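Scroll down for the structure; my scribbles are underneath it.
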Amino acid sequence: MSRASDALERLLAVMARLRGPGGCPWDREQTLASLRPYVLEETYEVLEAIDAGDDRAHREELGDLLLQIVFQARIAEEEGRFAFADVADAIHDKLVSRHPHVFGDADAKDADAVLRQWAALKRKENEAKGGGRSALEGVPREMPALARAERLTEKASRVGFDWPDAAGARAKVAEELRELDEAVAGGDRGRVEDELGDVLFAVANLARKLSVPPEEALRGTLGRFVERFRYVEDELARRGFAPGEASLEEMDRIWDEAKAALAPPAGNR
């Protein structure tokens, strides 16, 4: 622990210097509002490093994310609200209180039991703080919509509001698609938007039932789309076509070639 403590103390000291008199003009100008986009950006870069399996990049990106926490805590300390130690104490206490099966006498035989216990304890804590009683409390509105849909349906499932299996969730997707088709045929743009949202929500719920995070599934699809589209662009250039000159049929043929050429080995799919 001494190495970690020393490293953290050095980081806190550097941040205090940067924010203090004679420090960095840019760092001194920052506010909690101005730092908001950096928190998201650094989080996404951590995810990219994880996906890449690059330990060096992962370490560096975790450091950048930690910087955002230290930065915000320093601003809050300057405003007399709380300090980094309060942040660390709060998460320490939360981990202990929400793991009574580890630090107390409670029993939790499997991961599902742990999640149910966590949800119940969280509701109690929220009520004690004067928050709402809804099982859906605690899912940030700022989350990406697909990820938020997954979390909302997960929380609802913990109180029994869920399909018994993935088949029910899949049937709901088909139902919502039929309703979307009806809305498109009717030409009501507002209803089309509503029904399209229902389709996406139903798909996110199905993804949860299949234990496939929808945000990650879509991220993977986007990566494949970019890779295949670049293959199409490169092949068109090789054949002497400028962007936009090739027919859709020609691009579709090359797209199929890209799918075959870039497909992972069968065992890795």
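For this structure, a couple of remarks:
- Cβ-Cβ contacts under 7 Å between residues 6 or more apart (or on different chains), taken from a first residue in region 204-215 that is in contact (Cβ under 8 Å) with a residue 60 or more places away in the chain to a second residue that is aliphatic (A, V, I, L, M) and open to solvent by 60 Å² or more (accessible area, probe 1.4 Å), are listed as 214/203.
- Tally, over region 87-100, of residues that are part of a loop (DSSP other than H, G, I, E, B) and touching a helix residue (DSSP H, G or I) at 6+ places or on another chain (Cβ under 6 Å): 1
- Tabulated pairs, region 28-43, first modelled with pLDDT of 95 or more, second surrounded by fewer than 11 Cβ atoms within 10 Å (Cβ to Cβ) and in a helix (DSSP H, G or I), C-beta under 7 angstrom, 6+ apart or interchain: none
- Test for residue 208: is it closer than 28 Å to residue 259 by Cβ, within 26 Å of the chain's Cα centre (by Cα) and charged (D, E, K, R): yes
- Remark: pairs (first residue in region 227-255, polar (S, T, N, Q); second residue open to solvent by 70 Å² or more (accessible area, probe 1.4 Å) and assigned to a helix (DSSP H, G or I); Cβ separation under 8 Å; 6+ apart in sequence or on different chains) are absent.
- Qualifying residue in region 101-111 (condition: open to solvent by 60 Å² or more (accessible area, probe 1.4 Å), closer than 27 Å to residue 219 by Cβ and either modelled with pLDDT of 95 or more or not in a loop (DSSP other than H, G, I, E, B) (or both)): yes
- When each of 121, 177 is tested for being surrounded by 13 or more Cβ atoms within 10 Å (Cβ to Cβ) and either among the acidic types (Asp, Glu) or at pLDDT 95 or above (or both), the lone residue that passes is 177.
- Of all residues in region 145-184 being assigned to a helix (DSSP H, G or I), β-branched (Val, Ile, Thr) and in contact (Cβ under 8 Å) with a residue 24 or more places away in the chain, the one that is nearest to residue 216 (Cα to Cα): 153
- The set of residues in region 203-218 being open to solvent by less than 60 Å² (accessible area, probe 1.4 Å), modelled with pLDDT of 95 or more and hydrophobic (A, V, I, L, M, F, W, C) consists of 204, 206, 207.
- Selection status of residue 229, modelled with pLDDT of 90 or more, open to solvent by 70 Å² or more (accessible area, probe 1.4 Å), within 22 Å of the chain's Cα centre (by Cα) and farther than 24 Å from residue 163 by Cβ: no
- Within the set 69, 50, the sole residue that is at pLDDT below 95, open to solvent by 60 Å² or more (accessible area, probe 1.4 Å) and of a type in the set (Val, Ile, Thr) turns out to be 50.
The values are calculated or read from the model by the stated rules, or taken from the named source; none is laboratory data. Here the structure is a predicted model, which means the values were calculated and not measured. Here Cβ is always computed from backbone atoms with ideal geometry, including for glycine, and neighbour counts include all displayed protein chains. Just the protein is used for accessible areas: all its heavy atoms, side chains included, with ligands, DNA and RNA removed. Shrake-Rupley method; radii C 1.70, N 1.55, O 1.52, S 1.80 Å.
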